[in-house]
1. On the basis of being charged (D, E, K, R), surrounded by 12 or more Cβ atoms within 10 Å (Cβ to Cβ) and either within 29 Å of the chain's Cα centre (by Cα) or at pLDDT below 95 (or both), does Asp279 make the cut?
2. When you check Glu190 against the structure, is it part of a loop (DSSP other than H, G, I, E, B), of a type outside the set (Ser, Thr, Tyr), farther than 25 Å from Arg220 by Cβ and in contact with a His (Cβ under 8 Å, 6 or more places away or on another chain), yes or no?
3. When you go through (1) buried (at least 21 other Cβ atoms within 10 Å of the Cβ); (2) modelled with pLDDT under 95 one by one for Val102, which number turns out not to apply?
4. What is the one condition in (1) out of contact with any Phe, Trp or Tyr (no Cβ under 6 Å at 6 or more places or on another chain); (2) touching a residue at least 40 places away in the same chain (Cβ under 8 Å); (3) surrounded by 24 or more Cβ atoms within 10 Å (Cβ to Cβ) that Thr51 does not satisfy?
5. Given the conditions (1) in contact with a helix residue (DSSP H, G or I) (Cβ under 7 Å, 6 or more places away or on another chain); (2) in a loop (DSSP other than H, G, I, E, B), which single one is not true for Ile385?
6. Which of the following residues is surrounded by 14 or more Cβ atoms within 10 Å (Cβ to Cβ) and either part of a helix (DSSP H, G or I) or modelled with pLDDT under 95 (or both): Ala175, Ala214, Ala208?
7. For the subset of the stretch 246-272 comprising residues that are within 34 Å of the chain's Cα centre (by Cα) and in a loop (DSSP other than H, G, I, E, B), which member is surrounded by the fewest Cβ atoms within 10 Å (Cβ to Cβ)?
Amino acid sequence: MAAVLEGVRVLDFGRYIAGPFCGTLLADMGAEVIRIEKVDGSEDRFTTPITPEGEGAGYVQLARNKKGLTLNPRKPEGAEIVRKLVQTADVVIANLPQPTLVSMGLDYDSLKAIKPDIILTTVSAYGSTGPYSEKVGFDGVAQAMSGNMHMGGVDGQPIKSFVPYCDFGTASLCAFGTLAAIIHRMNTGEGQHVEGSLLRTSLTFNNANLIEEAVLGLGRVGTGNRGQGSAPVDAIPTKDGWIMMQVVGNPLFERWANLMGESHWLADNRFSTDQLRGDNAAEISERTRQWAADKTNEEALAILAEHRIPCGEVLKPADTLKNEQVVETGIFNNVGYPGLPDGAPIAGTPVTLSKAPGTIRHRAPTLGEHTEDLLGELGYSSEQIELLRHDRVV
């Protein structure tokens, strides 16, 4: 069966996560995605290095299923290669500031002058409008501005999520927007500009908390792992580790109270609704801690599972890789890469489809691995390509 996006060509000028993961999702669904990077390799190739050549874990994950082309678009010969590539493409992805896009000829006006039905998908920190539009920023800055770091902090210390959810969330939403733009073009023949921003994503994800503040003005402060809208929602220590528990709704609270031997709390007005339980969460968490103190993780989780209370073990990364549920789902694909004798566990497409699922077809490319093939398709001879290499255009 043909992949959903087979025949769609994507030029990926993305860097780090928010741009590249958008391209990764499209590639998983069958698009031909060409990663275009600096002649000596772009910075995101080398973050969190794991190979002898210095390629990073994020690169090995996010460049899977892509072809690799090195190129300097700022040189006249490089700009001409970009023009020829755009003529063959359906989508261009770039997470670069607008002035940089213009200087590289990757802004929407420049691209549609080359190919009127092109789709440009861009990601920036703050979007193309507003006083911050030309500022640069990363995931942590968006987390900070959204209010999330404040709400996740404890004792006045804001805490950032270790995983860059604004980056991955923005990339996922941009892939969604790009698919919508592809369908629109199929229906109308029109291309368009799809735009995402880290701040927009972070504000969307934290919207309910912002709505509450706008309406009620509660001025909440962070409580770390402990939830504020229901209880018990908290990380609870046991004899040999930690578990995470989330009790939301009256039926779940009733089961928890009976398990704790606190059935009288069901008639206590302080705990009659989720929000009231959230307001009194410290007492509820403390009772849960007392219950778990003499139990191992395994014992506590078994009892909670028996009572159908949502919970899970707080795992270290090494334990996550061995967890029976993680292993059974088959989400990790062992994918080889030069210098990694045992390959790397790369998570496949996070959303599964029963008829046309995304797949990992090949590893991330080595630096410029497909440059000669791609330029050959554009009509460049071996001699011309060698001259371009000599002049560091590719």
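1. Working: charged (D, E, K, R): yes; surrounded by 12 or more Cβ atoms within 10 Å (Cβ to Cβ): yes; either within 29 Å of the chain's Cα centre (by Cα) or at pLDDT below 95 (or both): no.
When the stated conditions are applied, Asp279 does not pass them.
2. Spelling it out, Glu190 is indeed part of a loop (DSSP other than H, G, I, E, B), of a type outside the set (Ser, Thr, Tyr), farther than 25 Å from Arg220 by Cβ and in contact with a His (Cβ under 8 Å, 6 or more places away or on another chain).
3. Against the list (1) buried (at least 21 other Cβ atoms within 10 Å of the Cβ); (2) modelled with pLDDT under 95, Val102 comes up short only on (1).
4. Going through (1) out of contact with any Phe, Trp or Tyr (no Cβ under 6 Å at 6 or more places or on another chain); (2) touching a residue at least 40 places away in the same chain (Cβ under 8 Å); (3) surrounded by 24 or more Cβ atoms within 10 Å (Cβ to Cβ) one by one, Thr51 breaks only (3).
5. (2)
6. Ala175
7. If we take residues in the stretch 246-272 being within 34 Å of the chain's Cα centre (by Cα) and in a loop (DSSP other than H, G, I, E, B), then Gly249 is surrounded by the fewest Cβ atoms within 10 Å (Cβ to Cβ).
The rows are residues; the columns are (1) surrounded by fewer than 19 Cβ atoms within 10 Å (Cβ to Cβ); (2) at pLDDT 95 or above; (3) in contact with a helix residue (DSSP H, G or I) (Cβ under 7 Å, 6 or more places away or on another chain); (4) not in a helix (DSSP H, G or I).
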residue: Ala2; (1), (2), (3), (4): yes, no, no, yes
residue: Leu5; (1), (2), (3), (4): no, yes, yes, yes
residue: Gly23; (1), (2), (3), (4): no, yes, no, no
residue: Gly30; (1), (2), (3), (4): no, yes, no, yes
residue: Ile36; (1), (2), (3), (4): no, yes, no, yes
residue: Asp40; (1), (2), (3), (4): yes, yes, no, yes
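The values are calculated or read from the model by the stated rules, or taken from the named source; none is laboratory data. What you are looking at is a predicted structure, and each value in this text was computed from that prediction instead of being measured. Every residue, glycine among them, receives a Cβ derived from its backbone with ideal geometry; neighbour counts consider all protein chains shown.
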